[in-house]
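We did not get these values from a lab; they are worked out from the coordinates using the rules stated. If you're wondering where the values come from, they're calculated on a predicted model, not measured in any experiment. Don't worry about glycine lacking a Cβ; one is built from the backbone with ideal geometry, like all the others, and counts go over all protein chains shown.
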Amino acid sequence: KDKYVTVLKTPYRSLTSPLPPQNVRVEKVDEHHVKITWEPAPVLREQQPYDMAIAYRVYRRIGYDGLNDRPWFPVATLNPNTFETMVDLRQYPEDVYWYSRTNRFAVTSIGNLGMESELVEVLLPQQ
């Protein structure tokens, strides 16, 4: 029989993933754009190869906060010296059709071997 391997991404870190970013914030710039900012993880000890972030990934999730919400989808991958990005709220997968548009954003650190830290989540306040 054929063997299949499925990788499940969770919002939790593993022992070999880098430390997560801190102080993730979102602010509305205009009707269609938000700015997401964060700070790098603090250096708590001598840096090990798995501790270093080689990039950051920004995710978005849209829904009504139920169990049927669409999973997180990536909106940007940025170099390790970038600590902010702009997101266009008009861009989202076509299969998102909920009437409530609760927007959640999250940032992860990407380490060596592509390991990601846990999601550090922030909610866009409803206006």
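Determine the gain in length on full extension of the stretch ILE54-ASN79; use 0.36 nm per residue of separation and subtract their C-alpha separation, reporting nm with one decimal.
8.3 nm
What FRET efficiency do you get for VAL5 and MET86 if R0 is 35 Å and r is their Cβ-Cβ distance, rounded to the nearest 0.05?
The formula returns an efficiency of 0.45 here.
Extending each Cα 7 Å along its Cβ direction at GLU46 and GLN126, get the distance between those two points in nm, one decimal.
Each label point is offset 7 Å from its Cα along the Cβ direction, giving 5.2 nm.
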